[in-house]
Amino acid sequence: MKVAILGSGAMGCLFGAAFHRAGCDVTLVDVSQPHVDAINASGLELDLRGGVEHLPIPARLPADAEGPFDLVVVFTKTFHTEGALQGLAHAIGPDTHLLSLQNGLGNAEKLAGFVPDAQVMVGASMMPSDLVGPGKVRSHGDGHSRLYPAFGGNPARAEAVADALTRGGLDTQLDPAIHEAIWSKVIFNAAMNPLCALTRRTPGFLGANPEARATIRAVVEEGVAAAHANGRMIDPAPIHALTEVSMTDHADHEASMLQDVKAGRRTEVDAINGAIVLAAEAKGLAAPVTRTLWHLVKLEEAKLG
Ligand SMILES: NC(=O)C1=CN([C@@H]2O[C@H](COP(=O)(O)OP(=O)(O)OC[C@H]3O[C@@H](n4cnc5c(N)ncnc54)[C@H](OP(=O)(O)O)[C@@H]3O)[C@@H](O)[C@H]2O)C=CC1
Ligand SMILES: CC(C)(CO)C(=O)C(=O)O
């Protein structure tokens, strides 16, 4: 399988490495020239719990990526998705499938603008990953990933993708209830990521503070109510359990939103807290705690310029 990772930062490199280990022909595509140059010069350096690995995976700027690809895995931030796919349009052929495991709501709809609906796959990943510097990625936690065709249809390609990722070391399952899984993940992110970004602390710190724990619980309850109102019948218990896992097993992981504010970058809070608030309000529900965190992170973005 010829695979392009579009947006080869923290998560893109982790998943590109798994496809590479499984024997796929992988190209890491990214707009950062120093990152692309470092990978091509010395290989991708992955610092994993099992040790440090150097993998000879080619990296390219979007204009230099040679397609057509069988699979393009979109791992940019959500607000870069459309621009990134436009930049790789020359390498998307009639049989190219697209996959998004990005956080947030609305990813399937964005991908559907570039290939037929039957070729769009979406999912969610609980793997944590940090971009340490050009060509260097660190991932010291465990977590599974789920995916499925976004708009139904034959899951054969999704099965091949999940199989390759699992063989390459990232536990990945097919999940026909993928939109419920995505809702569960976005609620988890809405509860954890803004608090990490606003306090500049990791989940372990949140776990030690009752104020953080109460806020996390409130956001989960608001998110589940919004999901139910939108026809996604999810159970809050596994989401509360995931927040506990995050505060223990991922205690030192810098949530992606924390990495963003520390680097002075825009965050994905609109696609996470913002999307939940709008989905709740569209059904006549309020989500005041989720909305307050959304606004506080927007203020943080404004402060960072
Ligand atoms: N990090 C994590 O632990 C997790 C992240 N996620 C989700 O995965 C997605 C990716 O996150 P993460 O890996 O942390 O993000 P990163 O910022 O580490 O990686 C995104 C990469 O995409 C690049 N990029 C931006 N625009 C383009 C473009 N037009 N074409 C190609 N590449 C581009 C960025 O370059 P530049 O920086 O120069 O803009 C960057 O290198 C997000 O949706 C996130 O929420 C999900 C689970 C866990
Ligand atoms: C790693 C994980 C699952 C939890 O923090 C995440 O989604 C993120 O950092 O955005």
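Read the figures in this text as sums done on the coordinates, not as results from a lab. Since the structure is predicted, the reported quantities are computational estimates derived from the model, not experimental observations. Methodologically, a virtual Cβ is constructed for each residue, glycine included, from the backbone with ideal geometry; neighbour enumeration extends over all protein chains shown.
Only the Cβ atoms of Lys and Arg (+1) and of Asp and Glu (-1) were treated as charged; on that basis the dipole of the chain about its Cα centre amounts to roughly 520 debye. At q = 0.15 Å⁻¹ the log10 of I(q)/I(0) for segment 147-211 amounts to -0.66, computed by Debye summation with a single uniform scatterer per C-alpha, solvent ignored.
Starting from the Cα of A263, step 7 Å along the direction of its Cβ; do the same at H228; then give the gap between the two resulting points in nm. It works out to 3.8 nm between the two label points. Relative protection proxy for 76-82, 198-204, 12-18, from highest mean packing down: 12-18, 76-82, 198-204 (other beta-carbon atoms within 10 angstrom).
Which value, in nm² and rounded to one decimal, describes the direction-averaged projected area of the C-alpha convex hull of segment 2-176?
Working: hull surface 34.5 nm².
Projected area, direction-averaged: 8.6 nm².
Along the axis of the charge dipole computed for the chain (Cβ charges of +1 for Lys and Arg, -1 for Asp and Glu, origin at the Cα centre), the listed residues T243, V297, L101 are led at the positive end by V297.
Using the Kirkwood formula over every pair of different C-alpha atoms, what hydrodynamic radius in Å results for the chain? Intermediate values should be presented prior to the final figure.
Working: mean 1/r = 0.0516 Å⁻¹.
About 19.4 Å, per the Kirkwood formula over Cα pairs.
Please give the charge dipole size of segment 197-305, origin at the Cα centre, charges +1 on K and R Cβ atoms and -1 on D and E Cβ atoms. Round to the nearest 20 debye. It would help to have the intermediate numbers written out before the result.
On the way: 12 positive and 14 negative charges, 58 e Å.
In debye, rounded to 20, segment 197-305 gives about 280.
Considered as an equivalent ellipsoid built on the Cα gyration tensor, segment 24-97 has semi-axes of 23, 14, 13 Å, the largest given first. Based on every Cα atom in segment 179-304, Rg and the maximum pairwise Cα distance Dmax equal 13.5, 38 Å. Mean separation of Cα pairs under 8 Å and 6 or more residues apart, divided by the residue count, gives the chain a relative contact order of 16 percent. Counting 0.36 nm for each residue step from D235 to K303 and taking away their Cα separation leaves a gain of 20.8 nm.
Based on DSSP, what percent of beta bridges with both residues in segment 2-176 are antiparallel, to the nearest 5? Numbers along the way, then the final one.
Working: 13 of 38 bridges.
Antiparallel: roughly 35 percent of the beta bridges in segment 2-176.
When only Cα pairs under 8 Å and 6 or more residues apart are kept, what is the percent relative contact order across segment 179-304?
Working: 180 pairs, mean separation 45.2, N = 126.
Relative contact order comes out at 36 percent.
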